[in-house]
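A.B. asks: Right, I'll just put the structure down here and ask away after.
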Amino acid sequence: MKPRKSEDPLPGRAAALLLVLCVSGMRAETARYSVPEEAERGSFVANIAKDLGLTGEELLARQARVVPEGEKQYLQLNQHTGDLVVREQMDREELCGQSEPCL
């Protein structure tokens, strides 16, 4: 999946995710992913280890984590495999109201 620029519209998408990979104080990598509003719990979003060119062991050693902007944790990262999955189904109206695009 290719990262999007923040000004790119996301038609038919409920949210964009900001994923921050903490690298033990050395540097941080940022990637954005789009998730369809109707994606159910457990739906695969991406393998961030592969996208960042790392192994699951490196993600674990670097303490990779998903940093939500709000109170709810909509996505879950498996540090061993690098898989990012939907943890809780997203509701576009709840997240963004009438705002377009919903980011």
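A.B. asks: Filter region 64-93 down to the residues that are within 11 Å of the chain's Cα centre (by Cα) and either among the hydrophobic types (A, V, I, L, M, F, W, C) or in a strand (DSSP E or B) (or both) and list them by number.
C.D. replies: Arg65, Val66, Val67, Leu75, Gln76, Leu77, Asp83, Leu84, Val85, Val86
A.B. asks: Here is a follow-up. Tally time: how many residues in region 17-63 are open to solvent by less than 70 Å² (accessible area, probe 1.4 Å), assigned to a loop (DSSP other than H, G, I, E, B) and modelled with pLDDT of 85 or more?
C.D. replies: Residues that pass the stated criteria total 7.
The values are calculated or read from the model by the stated rules, or taken from the named source; none is laboratory data. Just so we're clear, the structure is a prediction, and the values are computed from it rather than from any experiment. Just so you know, the surface numbers come from the protein's heavy atoms only, side chains and all, with ligands and any DNA or RNA stripped out. Shrake-Rupley method; radii C 1.70, N 1.55, O 1.52, S 1.80 Å.
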